[in-house]
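These notes concern the structure reproduced below.
Read the figures in this text as sums done on the coordinates, not as results from a lab. Quick caveat, the model's predicted, so the values are computed rather than measured. We place every Cβ from the backbone using ideal geometry, glycine too, and count neighbours over all the protein chains shown.
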Amino acid sequence: PRTDGHAKDRGEGAELATRAAAVVRALQGLMLTTFAFDAGHQLDRDHLNKLLAEGLELFKALGDYAGQHGGTAA
């Protein structure tokens with residue numbers, strides 16, 4: 001966020017942030033998220049890695065639960 005026309009550097013390249021729809025094309029890779037993230041550097045991914053780890057734990061727990069209740073392994 002800018003204060004008096006100044007802001008801290010967030011990284012190299014471009015960042016597009018919108019509360020509406022958007023199209024993005026990238027030759028060297030693309031990190032796409034629907035989370036609002038107004039701080040840090042534009043390619044920071046620690047928060048995304050945490051979400052992925054939490055999702056993995058959830059899927060493991062659901063798989064264990066399904067196995068205990070007669071579910072079929074995927």
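Points to keep in mind about this one:
- Extreme residue, nearest to residue 12 (Cα to Cα), among residues of region 44-74 that are part of a loop (DSSP other than H, G, I, E, B) and of a type in the set (Gly, Ala, Ser): 74
- Summed over region 10-24, the residues that are in contact with a Leu (Cβ under 9 Å, 6 or more places away or on another chain) and small (Gly, Ala, Ser) give a count of 3.
- Residue count for region 3-36, restricted to those that are of a type outside the set (A, V, I, L, M), within 16 Å of the chain's Cα centre (by Cα) and surrounded by 10 or more Cβ atoms within 10 Å (Cβ to Cβ): 2
- Of the residues making up region 42-74, just one is among the polar types (S, T, N, Q), surrounded by fewer than 11 Cβ atoms within 10 Å (Cβ to Cβ) and within 25 Å of residue 30 (Cα to Cα), namely 49.
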